[in-house]
Every structure is written in structure tokens, then in C-alpha cells.
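**Q** Please read through the structure below; I'll follow up with questions.
The values are calculated or read from the model by the stated rules, or taken from the named source; none is laboratory data. Bear in mind the structure is a predicted one, so any value in this text is a computation, not a measurement. Because the Cβ atoms are built from the backbone with ideal geometry, glycine has one as well, and the counts that use them run over all protein chains shown.
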Amino acid sequence: MYSLVLTLHSLVRWAVVIIGVIAVVRAFIGWFGGRQWQQLDDRLGLGFTSVLDINLLLGLLLYFFLSPITTGAFKDFGAAMSNGSVRFFAVEHIFIMIVAVVLAHIGRSRSKKAADDRGKFKRAAIFFGLAMLAVLLAIPWPFLASGAGRGWL
């Protein structure tokens with residue numbers, strides 16, 4: 001079960017990155033290009049928050065029940081903090097990703113409530129951009145120096 005959920009979590013990560021980048025790029029283009037807010041812009045915001053939510057649920061399942069890394073860390077949290085790889089998954093990854101989910105939801109909510117198109121794009125660009133930055137910082141890229149890196153898939 002662990003391998004299946006971990007694989008799904010990794011695959012959904014790419015949906016988060018792809019949809020998030022598209023949403024951010026369109027938001028910045030709309031903000032600085034004076035475009036009209038379209039249904040696609042709204043759908044991208046919905047898609048971005050939805051795939052983030054799905055990945056958060058998969059991640060929480062791993063974090064609390066399935067991952068030998070975090071379940072081991074819970075047994076001796078002090079020792080876990082001295083190991084960079086374990087600390088990454090036990091503290092840093094989950095914290096930053098929850099911040100990313102919150103930022104994306106704030107951006108979606110605020111962009112929907114903005115009075116004009118420029119305001120919608122501005123709020124989406126800022127909050128989706130910050131959420132994407134957090135996501136990109138917290139992904140366990142294969143090249144991470146802490147030893148927490150995972151494969152591309």
C-alpha cells in the first residue's frame with residue numbers, strides 16, 4: 001500500500017507543477033497585459049487547488065500511517081531532527097506544502113472576490129506564485145543536498 005500511495009503522490013506532484021505553472025503564467029500575463037478574466041482562468045485556479053488538495057490528502061496518508069520514514073521519526077523525534085533526510089520529510093516538507101495549499105486557496109478565494117479583472121489576475125498571480133514557489137522548494141528533487149531527494153517519478 002505504501003508504494004502505491006507514494007507513487008500516486010509523486011505522479012500528482014507533476015499535475016500540481018504543470019497546472020500551477022500554467023495558472024501562474026496566465027495570471028501574470030493577465031495582470032500586466034490587461035486581459036479579461038476568462039472561464040479558463042477560473043478553471044485553472046480550481047484545478048490548481050484541487051490537485052494540491054488531492055496531493056495533500058495522499059501526503060497526509062503517507063505522513064501519519066504509511067511512511068516508514070515519518071512513523072520512525074515519531075518514535076524518536078529528537079534523533080529525527082539530527083538527520084537531514086528524515087527532518088525534511090518529518091517537518092520541512094509537510095509544513096511548506098501545507099503553507100502552499102493555504103496560499104493557493106487564499107489566492108483562489110481572493111481572485112474570485114476581486115471587483116475587476118486586473119484585481120483577479122493580480123491576486124491570483126501573487127498567491128498562486130507564492131504557492132508555486134513553496135511547492136518547488138519543498139519537492140524532494142533528486143539533487144537535494146540533504147539526502148532527502150527522490151526520483152523524478
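**Q** So G34 ticks every box in (1) within 23 Å of A125 (Cβ to Cβ); (2) at pLDDT 95 or above but one. Which box is left unticked?
**A** Here G34 clears every test but (2).
Matching residues to (1) aromatic (F, W, Y); (2) surrounded by 17 or more Cβ atoms within 10 Å (Cβ to Cβ); (3) at positive phi; (4) over 15 Å from the mean Cα position of the chain (by Cα):
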{"residue": "A90", "(1), (2), (3), (4)": "no, yes, no, yes"}
{"residue": "V101", "(1), (2), (3), (4)": "no, yes, no, no"}
{"residue": "K113", "(1), (2), (3), (4)": "no, no, no, yes"}
{"residue": "R123", "(1), (2), (3), (4)": "no, yes, no, yes"}
{"residue": "A131", "(1), (2), (3), (4)": "no, yes, no, no"}
{"residue": "V135", "(1), (2), (3), (4)": "no, yes, no, no"}
{"residue": "F143", "(1), (2), (3), (4)": "yes, no, no, yes"}
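**Q** Ok, one more. Name, by its number, the condition in (1) surrounded by 13 or more Cβ atoms within 10 Å (Cβ to Cβ); (2) farther than 15 Å from M132 by Cβ that does not hold for L44.
**A** Unmet for L44, out of (1) surrounded by 13 or more Cβ atoms within 10 Å (Cβ to Cβ); (2) farther than 15 Å from M132 by Cβ: (2).
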